[in-house]
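The values are calculated or read from the model by the stated rules, or taken from the named source; none is laboratory data. Model, not experiment: these values are computed from the prediction. In this analysis, Cβ positions are derived from the backbone assuming ideal geometry, glycine residues included, and neighbour counts consider all displayed protein chains. The area values use the complete protein model at the heavy-atom level, side chains included, leaving out ligands, DNA and RNA. Shrake-Rupley method; radii C 1.70, N 1.55, O 1.52, S 1.80 Å.
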Amino acid sequence: MARTHPRRLPADVPGSERRVWETLRRLDDPWRVFHGVAWQSLRRGRPDDGEADFVLLHPDHGILVVEVKGGGLLVRDGEWFGRGSQGLRRIDPVEQAVSSKKALVRYLVGAIDGLERLDAGHAVWFPDVLVDTDLGPAIPDVLVLDRRDLGDAAAAIDRIVAHWRLETRLDESTVEAIGERLAPTVEIRHVLADDVAEIRARQVVLTEEQRRALDGLRRARRVIVYGGAGTGKTVLAVERARRLAADGFRVLLTCFNRPLGDALAGRFADVANVTAGNFHGLAHRWIVEAGLAFPDEPDTGFWEDRIGELALEALELLGRSFDAVLVDEGQDFLPSWFVVLEATLAHDDGPFLVFCDPHQAIYREGWEPPFAAVPYELGRNCRNTRQIAEVVARVFDDPEPTEAVEGLPVDFRAAEDDREIDRRVHEALRRLVVDERVRPGEIVVLTRARGTKDRLVGSKVAGLVLVDAERRGDGVVVETIHRFKGLEADAAIVVLDRLESDRDRALAYVGLSRARAHLVVVGPPEVGRRLGLR
């Protein structure tokens with residue numbers, strides 16, 4: 001049996017393609033059958049993409065691109081029409097197959113080191129009808145498959161291979177490299193705290209939902225990815241940036257929050273064609289680099305309005321642009337910033353992707369999408385344990401998660417005033433570090449109010465100092481929820497002194513969802529009751 005990608009077809013695949021898939025999967029190994037292959041690359045300096053119904057890969061033959069057309073067929077005066085429930089529609093399966101083949105070969109040769117040429121052929125399959133007449137000079141009969149060929153895929157494919165004289169020899173590493181480009185595999189590992197040994201060392205592989213999202217992101221130019229906390233938005237943004245960069249794109253990956261921007265910049269520090277960082281930090285860098293004046297004490301109006309205009313002017317002076325723009329934390333961006341970012345694209349049709357969660361709009365209320373785009377919804381929480389995800393869902397009365405890793409119960413510690421809050425935080429830290437042996441670097445203390453953070457920084461627990469994130473050292477980090485948004489930790493102690501307004505709830509939603517494996521909540525009894533913890 002051939003290896004198929006995917007192993008099972010999604011439910012929404014048309015019946016015509018499903019019948020061809022069932023036939024092709026009966027080919028002998030080492031044939032590999034890829035369904036719904038999409039790719040994106042640069043062609044003559046501009047974004048170029050394509051899609052093929054089926055791509056067949058064989059180490060001794062190279063690749064075959066097969067275009068499938070269901071329903072009836074009419075060729076009239078050299079023009080092709082498909083006949084279906086909606087009547088006649090103009091089609092050109094031959095041109096589609098030819099262009100897909102050429103574009104795919106060009107993409108693979110450009111993307112895989114050492115691959116200088118790749119033998120390829122194409123064919124068209126009409127699985128719902130019998131084709132017993134010549135279809136014209138555009139395609140010889142040998143490359144036209146019909147309903148009869150569903151019974152013997154091997155004979156049909158052998159016939160096409162012989163026509164194209166596909167005789168090549170791809171070594172195993174090249175076959176695997178081509179397969180990885182046609183159907184990428186991404187694996188993410190989380191190493192969790194020692195006190196959750198049953199979760200620690202577990203492999204977390206991208207869900208099928210996220211794989212479909214990545215495939216969808218390969219096809220669309222304008223996309224808005226919606227997802228709650230923990231659904232993997234930043235993971236997808238990073239992975240999409242990595243793939244675009246591997247395909248030769250100059251990529252801008254940006255966000256609102258500085259700590260998250262620093263983390264993204266560190267992730268891509270060794271990737272020359274990815275510029276990553278928070279929006280204001282990047283804008284400041286470009287303005288200074290271009291020699292433009294930057295105010296000594298910029299006010300709020302400058303940070304919100306003027307900085308975008310200056311950044312765009314700086315990029316023009318520097319002669320710098322991007323082939324693709326990706327925005328994480330999109331709900332925190334002003335509409336004018338999206339205009340600036342879109343203007344940085346070298347081409348109007350360059351990919352522009354926005355990842356957002358309206359629940360996390362702690363800086364902007366009433367966020368609206370910045371432009372008409374393909375929406376994609378992420379639903380599965382793949383960061384938090386079930387116990388943490390259930391508490392997060394209660395903040396906005398969202399549906400509780402149906403799939404999540406089992407973990408420890410959420411620990412609630414009641415505290416009415418500042419002194420009691422500090423004592424409860426210290427008690428929780430001492431238990432995690434001393435009794436449960438959690439490493440200090442795996443713990444974060446998050447506060448709703450800046451004053452609570454300032455009060456805790458510098459205090460000591462079990463010989464450890466509580467430190468600001470920018471002076472981490474060997475201590476336990478204390479940070480405001482605002483600044484830690486977009487980041488995560490194995491264990492989090494979250495101080496919520498109230499949960500009254502929409503803004504309070506948005507901050508609670510962000511803070512609680514930062515914990516991957518273990519969560520401690522410190523606050524008044526009414527906060528515990530609101531979260532279902534008392």
Residue match in the range 270-293 (condition: in contact with a strand residue (DSSP E or B) (Cβ under 7 Å, 6 or more places away or on another chain) and more than 19 Å from residue 344 (Cα to Cα)): no
Matching residues, the range 479-512, being assigned to a loop (DSSP other than H, G, I, E, B), open to solvent by less than 10 Å² (accessible area, probe 1.4 Å) and modelled with pLDDT of 90 or more: 496
Of all residues making up the range 246-272, the number that are closer than 21 Å to residue 315 by Cα and either open to solvent by less than 50 Å² (accessible area, probe 1.4 Å) or of a type in the set (A, V, I, L, M) (or both): 15
Hey, residue 424 of a type outside the set (Gly, Ala, Ser), more than 28 Å from residue 223 (Cβ to Cβ) and touching a residue at least 40 places away in the same chain (Cβ under 8 Å) or not: yes
Only one of 170, 166 that is open to solvent by less than 30 Å² (accessible area, probe 1.4 Å), at pLDDT 90 or above and in contact with a Gly (Cβ under 6 Å, 6 or more places away or on another chain): 166
Unmet criterion (only one of (1) of a type outside the set (Lys, Arg); (2) in contact with a Leu (Cβ under 8 Å, 6 or more places away or on another chain); (3) open to solvent by 60 Å² or more (accessible area, probe 1.4 Å); (4) modelled with pLDDT under 80) for residue 141: (4)
When residues of the range 513-525 are limited to those that are assigned to a strand (DSSP E or B) and over 23 Å from the mean Cα position of the chain (by Cα), the one farthest from residue 447 (Cα to Cα): 518
The range 420-449 - residue that is assigned to a loop (DSSP other than H, G, I, E, B) and over 19 Å from residue 510 (Cα atoms) and, of those, least open to solvent (accessible area, probe 1.4 Å): 438
Of all residues in the range 90-130 being part of a helix (DSSP H, G or I) and of a type in the set (D, E, K, R), the one that is surrounded by the most Cβ atoms within 10 Å (Cβ to Cβ): 101
Count of residues meeting criterion [assigned to a loop (DSSP other than H, G, I, E, B), in contact with a strand residue (DSSP E or B) (Cβ under 6 Å, 6 or more places away or on another chain) and touching a residue at least 40 places away in the same chain (Cβ under 8 Å)] in the range 3-38: 1
Close pairs (9 angstrom Cβ cut-off, 6 or more residues apart or separate chains): modelled with pLDDT under 80 and open to solvent by 30 Å² or more (accessible area, probe 1.4 Å) in the range 402-419, part of a strand (DSSP E or B) and among the aromatic types (Phe, Trp, Tyr) anywhere: none
Positions within the range 310-334 being more than 28 Å from residue 243 (Cβ to Cβ) and within 29 Å of the chain's Cα centre (by Cα), in sequence order: 334
Residue selected from the range 278-291 under the condition more than 17 Å from residue 341 (Cα to Cα) and either open to solvent by 40 Å² or more (accessible area, probe 1.4 Å) or touching a residue at least 60 places away in the same chain (Cβ under 8 Å) (or both), by the criterion farthest from the chain's Cα centre (by Cα): 291
Single match in 300, 231, 275 (criterion: open to solvent by 10 Å² or more (accessible area, probe 1.4 Å) and at pLDDT below 90): 300
